[in-house]
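Asker: Before anything else, here's the structure in question.
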Amino acid sequence: MNKQAVKKAKKIAQFAGFGLPATFIWVTVVILPFIYGIWITLTDWNGLALDIHYVGFANYKSVFTDPTFLSSFVKTVIYAAFTVAASNIIGFLLALAVTGGIKGQGLFRAGFFTPNIIGGIILGYIWNFIFSYAITGFGKAIGVEWMSTSWLTHPTRALIALILVSSWQMSGYLMVIYIAGLTNVPAELIEAAKVDGATGWQAVQKVKIPCIRNTIAICVFLSISRTFMSFDMNLSLTAGGPYKSTELIAYKIYQTAFTSMEFGKGQAQAIVLFVIVAVISLLQVYFTRKGAENT
Amino acid sequence: MSKKNAKKTAAFIVTLIVLILFMIPFFILVINTFKTTQEFIKTPFALPQSPNLDNFAVAIRRMNFWTALKNTAIVTISAVLVNTLVSAMTGYLFARKRWRVNKVIFMAFLASMVAPFQVYMIPLVKIYAGQLGMSNSLAVVAYIAVGLNIPFAVFLYHGFIEGIPEDLDEAARIDGCGFTGTFFKIILPLLKPIIITVTVFVAMGIWNDYLMSSLFLTKQETKTLAIAIKTFLTNHSAEYAPMMAGLLLSIVPILIFYLAGQKYIIEGVVAGSVKG
Amino acid sequence: MKKRLFSGLLIAAMVSVLFAGCGSKPDSTQGGGTEGGGSEPVEISFYTTETGKDDYFQDLIRDFESKNEGITVEYIAAGDDQLQAWMALYSSNEGPTVSLMDPINIYENQERMLDLTGQAMLDNVKEESLSTLTFDGKVYGVPMSAAGIGILYNKAVCDAAVGGDFDPSTIKTRSDLQALFEKIEATGAAGTCITGVNWSIGSHYLCQTYGAAIGSVEERVAYVNSIIAGEKKEIDNDVFNGYMETFDLLARYNINKADPLVGDVNVDAAALAAGECGTWLMGDWAWTYLAALVDENAEFGLLPIPHSDDESDIVNQSISTSYAKGYCIDTSQNTEAQQAAGLKFIEYMSSDSYAQEQTAIVCGQALPFKNFAFGDKLSPLGQSTAEYMAAGLATDFYGTPNLYPSDIWYECGAYMCEYLSGACDRETLASKIDGYWGNQEAR
């Protein structure tokens, strides 16, 4: 009995010392405001009005009856699927390349990472110029029709441009995490595989990938959450255009809340998005970890 | 042997080509910091006709650069230090003690990572600036930055620590180390690569953060670099040339930090201090 | 060993920066708000949604402070998003004393705003500019400037096209405009230019169809209400169709017609300045994009947007002026002393001669103030607007503050872009616009 009490006290002390500070800060910064935010979804508040009126679930109802919400969501899923796949593959390959012992590894790593450091409207503007003028100039010169007009003024091509630029940016980001994972793969294991006659690529497949399962789970999770929340790039590269054909869900929510001044409705859309993405990404983490345990 | 060398050279060349493709927008940014906005609009891809450093001088003056740099550094450094400590400890606890409460909190952390910031952005302002009256406080911005980055950091630390065999902990315990001692003496040194990685991400995120900081920092003297650079925005357009110079100046510190950190990771690996 | 030393130094450096930071932490104590007499020091804040003019505003604030001892003004500029930043300020209980906002935003938050009716400073403001900021007979704001919306022309190109001195007043109908475009194209330049962005064609152009061509302000509101109620359809409206005919005409002679949504104001400004196109659908604010690109003696001006072939229609000969930004005063989070100081600030901005001179030079737009005497300092485009106004050839873009919803530029802008790109026909466009209005509340 006494022993158990001591054990429990120890447990509490360990939690208080190791887990509590982070949990406390997180609760005060994320959870409390989040609950407040959920309350706003039940009101007609426009973000500025002095009076707030309770409207029940009217905002949620309007989310599910709004066809543009669904179409925007579908676009976001397409965008996310391609971007997650491309950026993880590229990020992993880049990480392999710069952990293989080639010359100037540090500079390479920094170079691939720079797209992440420059952000915001400047980057969008530079890409805008590339798509609108550099590629079109090239297209006209070689007489290719689909490269002669700006990619950003054509609905499908604008979405492709968005996927390309997002993958370009995110693969450098994921590369860094893959590097951390790959440097953690014991060199002995790789040597052993080589002694057994494995080629370079076989070593990657048989040794490196299984060893970094956890890292892969992390990277996929991060890329899913980031693509679903993608806002900056959407704003600076296409601003939802041409004619709202690339209006991804996070951008649409923002417009609803801050341009149309339907703050409660925007909040409700954001909560719906949150629930969907949380389910997708938690399932992904759950299954990847389960898979890791089974191997 | 020579075949291996040839392979390595080929790998180097391919990586170099990819790198150049990756860096094109960055090169465009750099060459245009030496032009006027008009020249940038007319010939964005050409080398500057008469390179000059005016844009940098303009950026430093109009952005109030040194004040903004100081503010950004204060927020970033303090937030990163606190975040690293509390997140690494929590990551360790969650990885080693599979208590129900830990699992629940961990899942809640993950879930909150996909919560759109917009949901709690205005409430955040209402609580910290409205009720507690702490707008224009760098400390509050740093505190919120810590909180916003905790789930991400714990997630990475947790994943990494799970890859460290528990035998190490056992051995330490046999040697008489407690839970706390094991963490600081045995585990923390092993976390170097991931600490650097997380630090780079968190630092970069905070350094470049515009949305959250701009909600709290409205006075000229409390602005951070990401806020200050908006001075070049005009309605429907922007003064691109000085803006690009300002952007370049703003990202140099974080780039240096990343390069130094990378070197540190590589050194650690070469020294063989990290073993899975 | 070396590594230890390095990391030790790094941590020491970080900690020292941290403490240095804490030491010099700015005091966040909110001053101001002292009740009573004008001699007590008052701190007020000024929020502007007119961005990119930090130097100009800060210069005027310094001048104002030197002329009004005891008042200090904290300057806050909108960043990316003017409404979001405004919301954050109000959520912080730091609602700005004076805000420079769009009329619709002032209107929607009039419960927070000071009623300026009867203030002496309004006597200096031209009556016609106040209707945009007047709700239910009460004035809630003072306009910053009068922005002229129309078709800009490069006089050198037009001179060459007509073979002599181009007289803008000869363009009275859509056919006149077409003839001009034909002549310009004959010289090798493009007839005109449309910047295919939502705010230009979705707000500035589309809203012409609810403008003076409909009639008086009451008739305009009644028309919009009938669309909202679903009683009328845009496609049956002659004014709408007239402006769309003109839009089609502009699109036919558009320098960007191969890729009409490539829109970039800076690139298009360069095209007009270089004479690659003769005209440009925009407004007098475009001088900020043009100024650095044009030759010293080059002449530019504004043409009206004709909506019909009726020579006698005065609307076809008028440009529309937009009082797009107004100064307003908050009462919900500011003390009476602060409000009084705010009034002084607005009075300064609208009537002080140094303030007017600087505004004329920096904004370049006509100012709707009776004592304004710096007409020669305006930009060439601003002077063009001022001439139309002086001749009585100006119509009010807004008429009433809440005519256009705050998201019309974004929502209907998308429809207009779709139309311009050829992805939908006019009937589809009209029905989409009907649908947009159907979701709005009656005006």
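Asker: Within the range C:185-209, which residues are within 30 Å of C:W437 (Cα to Cα), of a type outside the set (V, I, T) and assigned to a helix (DSSP H, G or I)?
Answerer: Correct list: C:N198, C:W199, C:S200, C:G202, C:S203, C:H204, C:Y205, C:L206, C:C207, C:Q208.
Asker: Of all residues in the range A:212-246, which are of a type in the set (D, E, K, R) and assigned to a loop (DSSP other than H, G, I, E, B)?
Answerer: Matches in the range A:212-246: A:K244 only.
Asker: Across the range A:171-203, which residue is farthest from the other protein chains (Cβ to nearest Cβ) among those that are part of a loop (DSSP other than H, G, I, E, B) and touching a Lys or Arg at 6+ places or on another chain (Cβ under 7 Å)?
Answerer: A:A198
Asker: What tally of residues in the range C:364-405 results from selecting those that are within 14 Å of another protein chain (Cβ to nearest Cβ) and within 20 Å of C:W285 (Cα to Cα)?
Answerer: Qualifying residue count for the region: 2.
Asker: Which residues, taken from the range C:227-271, are closer than 30 Å to B:P44 by Cα and among the β-branched types (V, I, T)?
Answerer: C:I255, C:V262, C:V265, C:V267
Asker: Could I ask something else about it? Within the set of pairs 6 or more residues apart or between chains, which connect a residue that is in contact (Cβ under 8 Å) with a residue 24 or more places away in the chain inside the range C:266-280 to a residue that is in a strand (DSSP E or B) and among the small types (G, A, S) with Cβ atoms less than 6 Å apart?
Answerer: Listed by first residue and then by second, the contacts come to C:C277/C:A190.
Asker: Does the range B:9-37 hold any residues that are more than 10 Å from chain A (Cβ to nearest Cβ) and either touching a strand residue (DSSP E or B) at 6+ places or on another chain (Cβ under 9 Å) or of a type in the set (S, T, Y) (or both), and which are they?
Answerer: If the condition is that a residue be more than 10 Å from chain A (Cβ to nearest Cβ) and either touching a strand residue (DSSP E or B) at 6+ places or on another chain (Cβ under 9 Å) or of a type in the set (S, T, Y) (or both), then B:T33, B:T36, B:T37 are the ones that fit.
The rows are residues; the columns are (1) hydroxyl-bearing (S, T, Y); (2) in contact with a Pro (Cβ under 6 Å, 6 or more places away or on another chain); (3) modelled with pLDDT under 90.
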| position | (1), (2), (3) |
| --- | --- |
| B:T180 | yes, no, no |
| B:V198 | no, no, yes |
| B:V202 | no, no, no |
| B:W207 | no, no, no |
| B:Y210 | yes, no, yes |
| B:F216 | no, no, no |
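Asker: Could you figure out which of (1) facing chain C (nearest Cβ under 9 Å); (2) buried (at least 18 other Cβ atoms within 10 Å of the Cβ) isn't true of B:Q131?
Answerer: (2)
Asker: Output the number of the condition that C:V315 fails; it satisfies all remaining conditions of (1) more than 15 Å from the chain's Cα centre (by Cα); (2) more than 25 Å from C:M87 (Cα to Cα); (3) buried (at least 19 other Cβ atoms within 10 Å of the Cβ); (4) not assigned by TED's automatic domain parsing to the domain that holds C:T428.
Answerer: (4)
Asker: I've got another one for you. Does A:K206 count as of a type in the set (K, R) and not in a helix (DSSP H, G or I)?
Answerer: no
Asker: Of all the residues that make up the range A:208-246, how many are among the hydrophobic types (A, V, I, L, M, F, W, C), within 11 Å of another protein chain (Cβ to nearest Cβ) and over 22 Å from C:V197 (Cβ atoms)?
Answerer: Here the count works out to 11.
Asker: If you don't mind, another one. How about the range C:221-237: which of its residues are touching a Ser or Thr at 6+ places or on another chain (Cβ under 8 Å) and part of a helix (DSSP H, G or I)?
Answerer: C:V221, C:E234, C:I235
Asker: Is it the case that some residue within the range B:235-255 is of a type in the set (A, V, I, L, M, F, W, C) and under 30 Å from A:I212 (Cα atoms)?
Answerer: yes
Asker: Limited to the range C:262-281, what total is found for residues that are at the interface with another protein chain (Cβ under 9 Å from one of its Cβ atoms) and in contact with a Leu (Cβ under 7 Å, 6 or more places away or on another chain)?
Answerer: Here the count works out to 2.
Asker: Something else now. Just one of the numbered conditions (1) in contact (Cβ under 8 Å) with a residue 12 or more places away in the chain; (2) of a type outside the set (S, T, Y); (3) within 30 Å of B:G178 (Cα to Cα) is not true of B:N32; which one?
Answerer: (3)
Asker: With respect to the numbered conditions (1) within 14 Å of chain C (Cβ to nearest Cβ); (2) surrounded by 13 or more Cβ atoms within 10 Å (Cβ to Cβ), which one is the sole condition not fulfilled by A:P67?
Answerer: Here A:P67 clears every test but (2).
Asker: Report those helices (runs of 4 or more DSSP H) wholly inside the range C:46-140 carrying at least 3 residues which are farther than 25 Å from C:D407 by Cα and assigned by TED's automatic domain parsing to the domain that holds C:Y354.
Answerer: C:54-67
Asker: Pick from the range A:112-163 the residues that are touching a Gly at 6+ places or on another chain (Cβ under 6 Å) and closer than 30 Å to A:V176 by Cα: which of them is surrounded by the fewest Cβ atoms within 10 Å (Cβ to Cβ)?
Answerer: This residue is A:P115.
Asker: Also, quick follow-up: Restricting the search to the range A:72-128, which residues are facing chain B (nearest Cβ under 9 Å) and among the polar types (S, T, N, Q)?
Answerer: Listed by number, the residues that qualify are A:T99, A:Q105, A:T114, A:N116.
Asker: Something else about it: Considering only the range A:247-265, state which residues are at the interface with another protein chain (Cβ under 7 Å from one of its Cβ atoms) and within 20 Å of C:P405 (Cα to Cα).
Answerer: Result: A:I253, A:Y254, A:Q255, A:A257, A:F258, A:T259, A:S260, A:M261.
The values are calculated or read from the model by the stated rules, or taken from the named source; none is laboratory data. Owing to the predicted nature of the structure, the values given are computational and were not obtained by experimental measurement. When we count neighbours, we look across all protein chains shown, and the Cβ atoms used for this are built from the backbone with ideal geometry, even at glycine.
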